[in-house]
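The values are calculated or read from the model by the stated rules, or taken from the named source; none is laboratory data. Keep in mind it's a predicted model, so treat the numbers as computed, not measured. Note that each Cβ is placed from the backbone with ideal geometry, even for glycine, and that neighbours are counted across all protein chains shown.
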Amino acid sequence: MQSFNFKCPTEIVFGRGAEEQVATKLREYGASHIFIVYGGGSVVKSGLLAKVERILLSAGFAVQTLGGVQPNPRLGFVRQGVRTALAFQADFILAIGGGSVIDSAKAIAHGTANPGIDVWDFWCGREKLTRSMPVASILTLAAAGSETSDSAVITNEETGKKAGLNTPFNRPAIAFMNPELTFTVPKKQLVCGISDILMHTLERYFTSCKETNAFTDLVAESLLKNVMAQSKVAVENQQDYDAMSEIMWCGSVSHCNFTELGRAKDFTCHKLGHELSGRFDVTHGASLTTIWPAWAQYVWRDDVPRFAQFAERIFGITSGSDEEKAQAGIKAMVEYFRSLGMPTNFTELGIGVQDKNSIAYLADMATAGDTKKLGNFHPLDKAMAIEIYQLAN
Ligand code: NZQ
Ligand code: ZN
């Protein structure tokens with residue numbers, strides 16, 4: 001096991017009616033001027049926004065709202081949010097929605113705590129983030145894990161670059177997680193979310209680390225198996241409270257770093273996928289299931305026993321050589337994604353990146369002009385990224 005430092009300070013309030021504790025809890029965190037961020041209107045339609053506003057106003061908080069976050073959240077909205085939050089003298093940012101809303105809230109918190117600095121400068125490394133403002137979320141979609149993660153992903157719509165920022169300042173103070181709030185998620189978002197949750201652990205399971213990590217392996221494998229089993233129930237009946245609870249909680253555990261302890265994560269598929277979303281506005285989960293099959297085929301020979309273990313423990317594939325098991329495991333994973341209705345190549349994804357120039361452009365963006373290698377399981381330069389994009393064709 002490699003040395004690690006794990007600090008995930010986010011308080012979790014989980015269960016039916018969790019959001020009703022918002023006033024009591026935010027008071028504990030010293031909030032006074034609460035700036036609420038939400039998305040394209042699902043929380044207006046469901047009545048959740050009005051309910052939360054009512055609770056906060058009647059408890060005496062000053063409240064201002066800003067809606068309009070789009071999936072693959074845009075920098076322009078964040079900049080607008082920073083201006084509005086500063087004018088309101090916000091001291092607490094509350095996200096009500098999914099990963100895009102929470103990521104925007106995190107970015108608005110950073111910008112509001114650092115007036116005078118363009119928030120994008122933190123994402124492209126021109127400025128180092130040294131302080132922020134507390135963020136809470138009322139989660140409505142189990143997927144990105146942003147409610148506990150140290151990451152936030154924003155798209156600069158002027159350049160088409162979708163970039164993540166990892167910093168302890170991205171860990172929200174508190175998350176309110178009521179599985180019932182996810183009952184209205186569109187089916188497409190449900191399966192994209194399930195795929196994203198699985199990918200957050202898969203991208204931590206296949207890494208260059210050769211040291212034994214028995215416990216972390218078991219945690220990761222249990223999470224993968226549980227999410228796959230629960231997804232069968234949830235896809236059939238999205239109002240199944242138990243299945244949606246399991247998926248929601250696994251979503252938070254999958255991306256809070258708990259499934260990587262003792263080894264370094266890889267996240268190559270996320271980086272290659274972000275370029276697809278930045279350029280073509282592809283839904284995040286769909287970008288990942290498009291890339292993973294090609295990535296797995298490209299790298300599996302680097303650690304055949306690892307892929308064989310994955311096949312055995314996740315899919316119960318015990319016959320054949322390690323090579324045969326590894327191949328059968330990859331096939332089973334791809335079939336599972338297909339069973340959810342997820343795309344597993346560019347054709348299924350339905351975007352026209354088949355020509356060489358488009359693929360070279362994506363690979364160039366992903367590797368910052370061939371100056372950065374991606375991942376550690378099989379570190380990729382631009383030429384290798386091109387090969388993976390071509391395999392995904
Ligand atoms: O905008 P509204 O109207 O709320 O509708 C949203 C949106 O259209 C809808 N939705 C959410 N909850 C709903 C609902 N519709 C009905 N009922 C509900 N209860 O779902 C759509 C998608 O929402 P979005 O927030 O974009 O989805 P998700 O949670 O999958 O977040 C995706 C974003 O998170 C980033 C992704 O790259 C993407 O930009 N990620 C963030 C991470 C992080 N911060 O740690 C890690 C991930 O790897 C990921 O990169
Ligand atoms: Zn993800």
Quiz item: Is it fair to say Glu246 is touching a residue at least 12 places away in the same chain (Cβ under 8 Å), crowded, with 19+ Cβ neighbours inside 10 Å, assigned to a helix (DSSP H, G or I) and of a type in the set (Asp, Glu)?
Solution: yes
Exercise. Go through (1) more than 16 Å from ligand 2 (Cβ to nearest atom); (2) outside any helix (DSSP H, G or I) one by one and return the number of the condition Ala229 breaks.
Key: (2)
Quiz item: Can you tell which of Ile117, Ile174 is within 29 Å of Thr367 (Cα to Cα), hydrophobic (A, V, I, L, M, F, W, C) and either more than 16 Å from ligand 2 (Cβ to nearest atom) or at pLDDT 95 or above (or both)?
Solution: Ile117
Quiz item: Does any residue of region 235-247 turn out to be more than 15 Å from ligand 1 (Cβ to nearest atom), within 19 Å of Ser339 (Cβ to Cβ) and of a type in the set (A, V, I, L, M)?
Solution: yes
Quiz item: Counting only residues that are at pLDDT 95 or above and of a type in the set (Ser, Thr, Tyr), which one in region 270-291 is nearest to ligand 2 (Cβ to nearest atom)?
Solution: Ser287
Quiz prompt | helices (runs of 4 or more DSSP H) within region 339-393 that include 2 or more residues farther than 17 Å from Thr289 by Cβ, of a type outside the set (Lys, Arg) and assigned by the TED database to the domain that holds Phe267 | solution = 356-366, 382-391
Exercise. Report yes if some residue within region 55-64 is in contact with a helix residue (DSSP H, G or I) (Cβ under 9 Å, 6 or more places away or on another chain), at pLDDT 95 or above and within 23 Å of Asn170 (Cα to Cα); otherwise report no.
Key: yes
Exercise. Report whether or not Thr182 is buried (at least 23 other Cβ atoms within 10 Å of the Cβ) and either over 27 Å from Asp302 (Cβ atoms) or charged (D, E, K, R) (or both).
Key: yes
Self-check item: Residue count for region 181-203, restricted to those that are near ligand 1 (Cβ under 10 Å from one of its atoms) and in contact with a Phe, Trp or Tyr (Cβ under 8 Å, 6 or more places away or on another chain)
Solution: 3
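If the requirement is being in a loop (DSSP other than H, G, I, E, B), within 16 Å of ligand 2 (Cβ to nearest atom), crowded, with 24+ Cβ neighbours inside 10 Å and at pLDDT 95 or above, which of these qualifies: Ala142, Ala152? Can you show your working first?
Numbers: Ala152 fails: in a loop (DSSP other than H, G, I, E, B).
It is Ala142.
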Quiz item: Which one of these does Glu180 not meet: (1) assigned to a helix (DSSP H, G or I); (2) of a type in the set (Asp, Glu); (3) more than 30 Å from Lys45 (Cα to Cα)?
Solution: (3)
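Evaluate the following for Ile314: is it touching a helix residue (DSSP H, G or I) at 6+ places or on another chain (Cβ under 8 Å) and in a helix (DSSP H, G or I)? I'd like the intermediate steps shown before the answer.
Working: touching a helix residue (DSSP H, G or I) at 6+ places or on another chain (Cβ under 8 Å): yes; in a helix (DSSP H, G or I): yes.
Yes, satisfied.
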Exercise. Taking Ala214 as the residue in question, decide whether it is among the aliphatic types (A, V, I, L, M), without any contact (Cβ under 8 Å) to a residue 12 or more places away in the chain and at negative phi.
Key: yes
Quiz prompt | Spans of strands (runs of 3 or more DSSP E) in region 1-97 with at least 2 residues free of Cβ contacts under 8 Å to residues at least 40 places away in the same chain | solution = 62-66
Quiz item: In the set Trp295, Trp300, which member is within 16 Å of ligand 1 (Cβ to nearest atom), modelled with pLDDT of 95 or more and assigned by the TED database to the domain that holds Cys209?
Solution: Trp295
Quiz item: From the list Gly116, Gly111, Gly97, Gly76, which residue is touching a strand residue (DSSP E or B) at 6+ places or on another chain (Cβ under 8 Å) and outside the structural domain of Gly193 (by the TED database)?
Solution: Gly97
Quiz item: Can you find even one residue in region 160-171 that is closer than 17 Å to Ala95 by Cα and away from ligand 2 (no atom under 16 Å from the Cβ)?
Solution: yes
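Name the residues in region 24-60 that are aliphatic (A, V, I, L, M) and over 27 Å from the mean Cα position of the chain (by Cα), would you? First the steps, then the outcome.
Here is the first cut: in region 24-60, the residues aliphatic (A, V, I, L, M) are 26, 31, 34, 36-37, 43-44, 48-50, 52, 55-57, 59.
Matches in region 24-60: Ile55, Leu56, Leu57, Ala59.
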